[in-house]
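Student: To start, I am sharing the structure in question, which I have written as structure tokens.
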Amino acid sequence: MAKVALVTGAARGIGRAVAEALAREGCDVCVNYIQHEAEARSAAETLTAMGRRCLVVQADVADPAACEAMVRETEAALGPVDILVNNAGISYA
């Protein structure tokens, strides 16, 4: 069975690149986002085109309850989380 990765902030940038790299290595991936739904769904399409299972979850990682719900949703859909990439952050650009 494939390993399950949860990547926060995976809709674009470094997070998306990490999610794609994990999918290339055979992982099923939860793509987390907070504001960029279209980009998150695009990332998921890319991952599923690679033959991987993918879940898209909107959650604010600054909210502990939202994080717990995201993990529960991921585990229900994909299985236990083997890899966690805490990529989400704030950019002041």
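Student: Does MET50 satisfy the criteria of being touching a residue at least 60 places away in the same chain (Cβ under 8 Å), out of contact with any Pro (no Cβ under 9 Å at 6 or more places or on another chain) and more than 12 Å from ALA88 (Cα to Cα)?
Tutor: no
Student: Got at least one residue in segment 61-72 being within 18 Å of GLY26 (Cα to Cα), assigned to a loop (DSSP other than H, G, I, E, B) and in contact (Cβ under 8 Å) with a residue 24 or more places away in the chain?
Tutor: no
Student: Also: Would you mention how many residues in segment 73-93 are of a type in the set (Val, Ile, Thr) and in a helix (DSSP H, G or I)?
Tutor: Matching residues across segment 73-93 total 1.
Student: What number of residues within segment 1-49 satisfy the criterion of being open to solvent by 70 Å² or more (accessible area, probe 1.4 Å) and assigned to a loop (DSSP other than H, G, I, E, B)?
Tutor: Total satisfying the criteria: 6.
The values are calculated or read from the model by the stated rules, or taken from the named source; none is laboratory data. None of the values given here were measured: they were computed from a predicted structure. Quick reminder, even Gly has a Cβ in these numbers, built from the backbone with ideal geometry, and neighbours come from all protein chains shown. These area figures cover heavy atoms from the full protein model, side chains too; ligands, DNA and RNA do not enter into them. Shrake-Rupley method; radii C 1.70, N 1.55, O 1.52, S 1.80 Å.
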